[in-house]
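Here the structure is laid out as structure tokens; the discussion comes afterwards.
The values are calculated or read from the model by the stated rules, or taken from the named source; none is laboratory data. This one's a predicted model, so the numbers in the text were calculated from it and none came from an experiment. Quick reminder, even Gly has a Cβ in these numbers, built from the backbone with ideal geometry, and neighbours come from all protein chains shown. What goes into the accessible areas is simple: the full protein's heavy atoms, side chains included, and nothing from ligands, DNA or RNA. Shrake-Rupley method; radii C 1.70, N 1.55, O 1.52, S 1.80 Å.
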Amino acid sequence: SILEAEVRAIRDGLSLLWSLGFRNVEVESDSQLAVHLIRSEKDLFHPLEALIADCRALLRQPWTTKFSHILREANAVADLMAALGHSCRDGEHLWPNPPPQVIPLLELDSIGHSFPRP
């Protein structure tokens, strides 16, 4: 499901960031439900409970995290990176630096620019 893909992406991203030694991170998701489920203090009886618990455990690590919902229109970098990821043969790729086509979008994201939905 789309929700499962979003929660998996958050879990895998947090895990990767932790393993690479990042200790001050911002996580933004355009899935309001994923953010709500992960940030909820309540125990859930949800089909994605194990993934959600993994995310919560990662967020409890000794690091500084900001975890929030962001509108899809303000998340152009994530959309482009997802498209680039789909073009990878093995389905996964780690870029040590942002791909060149992402840099202008990073600059726009940093000033809060958003794009209208098509």
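A compact table of results
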{"item": "Computed helical MRE - 222 nm, the chain, DSSP H runs ≥ 4 contributing -39500 (n - 2.57), nearest 500", "result": "-14500 deg cm²/dmol"}
{"item": "Rounded accessible area per residue of the chain, 1.4 Å, Å²", "result": "70 Å²"}
{"item": "Candidates Ser19, Ser68, Ser29, ranked by Gaussian network fluctuation over the chain, Cα under 10 Å, top entry", "result": "Ser19"}
{"item": "At least 20 Å along the helix axis (C-alpha) and Kyte average at least 0.5, DSSP helices within the chain", "result": "2-19"}
{"item": "Filtered GluC sites (Glu not before Pro), region 66-118: DSSP coil and at most 16 other beta carbons within 10 Å", "result": "Glu92"}
{"item": "Amide H contacts under 5 Å for Val27, placed H, 5+ residues apart", "result": "Lys66, Phe67, Ser68"}
{"item": "Among Ile38, Ile70, Ile103: highest mean-square fluctuation, GNM of the chain, C-alpha pairs under 10 Å", "result": "Ile103"}
{"item": "Dimensionless Rg/Rh of region 20-99 - Kirkwood Rh, Rg from C-alpha atoms", "result": "0.99"}
